[in-house]
Amino acid sequence: RGLGDVYKRQEVDMHELGVVFHIADIVRDVAVENKATKIKKVVMQIGEVSTVVNDQLIDCWNWNANRTDLLRGCTLEIEPIKAVTYCEDCHKEYPTVEHGKICPYCGSEHTYLVRGNEVLIKEIAVE
């Protein structure tokens, strides 16, 4: 591996770590509001074109969760959301990752992403 590869990996880790800190802050706030003493599981919905790398997010989550009593041992589950694009010309939806911005039905570039870039907390399981 070259230095560029190492740098890119650190960049990815830093992005996911920031996301994890944000999620952990929200989860802590929810726990306080609900007088929960332990978070057992967090379920996230993450779009396949969201720029979040799921494996990196889980690694960062596991590291961060073990730093506090509230989150220690808490698992992070990820439910992927498929990316879907809509064509304004032929009014059809299609898989974004497979076809990109060009509509596979009519060849139009008048398209936009309908879903697939979400990063959502779906569920927080408490004790």
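Output wanted: per-residue J couplings in Hz (rounded whole) for segment 62-79, from phi through Karplus 6.51 cos²θ - 1.76 cosθ + 1.60, θ = phi - 60°, x for Gly and Pro.
Couplings: 4, 4, 5, 4, 7, 8, 10, 5, 4, 9, 3, x, 5, 9, 10, 10, 10, 9 Hz.
Just to be sure I follow the rule: in the chain, considering lysines 8 or more places apart or on different chains, how many pairs have Cα atoms under 19 Å apart? Numbers along the way, then the final one.
On the way: Lys38/Lys122; Lys40/Lys122; Lys41/Lys122; Lys82/Lys92; Lys82/Lys101; Lys82/Lys122; Lys92/Lys101.
Close lysine pairs under the 19 Å cut-off: 7.
Label point 7 Å out from Lys41 along Cα-to-Cβ: which residues of segment 63-81 have amide N under 20 Å?
63-66, 70-81
Hey, got a sec? Which trypsin sites (Lys or Arg not before Pro) in segment 57-127 land in a DSSP loop and have at most 16 other Cβ atoms within 10 Å? Write out the running numbers ahead of the final one.
Working: sites: Arg67, Arg72, Lys82, Lys92, Lys101, Arg115, Lys122; in loops: Arg67, Arg72, Lys82, Lys92, Lys101.
Sites meeting the loop and neighbour criteria: Arg67, Arg72, Lys82, Lys92, Lys101.
How large is the helix-only mean residue ellipticity at 222 nm for the chain, computed as the sum of -39500 (n - 2.57) over DSSP H runs with n ≥ 4, divided by its residue count, in deg cm²/dmol to the nearest 500?
On the way: 3 runs with 47 residues, N = 127.
Per the formula, -12000 deg cm²/dmol.
Can you work out ³J(HN,Hα) from phi for every residue in segment 18-31, in order, using Karplus 6.51 cos²θ - 1.76 cosθ + 1.60 and θ = phi - 60°, giving whole Hz and x for Gly and Pro?
With the stated coefficients, segment 18-31 comes to x, 4, 4, 4, 5, 4, 4, 4, 5, 4, 4, 4, 5, 4 Hz.
How far is it, in nm, from the label point at Glu88 to the one at Ile102 when both lie 7 Å from their Cα along the line to the Cβ?
Result for the modelled spin labels: 2.0 nm.
Candidates [x] 37, 19, 11; [y] 34, 20, 9; [z] 28, 17, 12; which is the computed semi-axes √(5λ) of the Cα gyration tensor in Å?
Here the calculated entry is [y].
Pairing rule first: another cysteine's C-beta must sit under 4.7 Å. Under that rule, which cysteines of the chain stay single?
Unpaired cysteines in the chain: Cys60, Cys74.
So which trypsin sites (Lys or Arg not before Pro) in segment 26-65 end up in coil per DSSP with only 11 or fewer other C-beta atoms within 10 Å?
Details: sites: Arg28, Lys35, Lys38, Lys40, Lys41; in loops: Lys35, Lys38.
Filter output for segment 26-65: Lys35.
Read the figures in this text as sums done on the coordinates, not as results from a lab. Being a predicted model, the structure only gives us computed values, none of them experimental. All Cβ positions, even for glycine, are placed from backbone atoms using ideal geometry, and neighbour counts span all protein chains on display.
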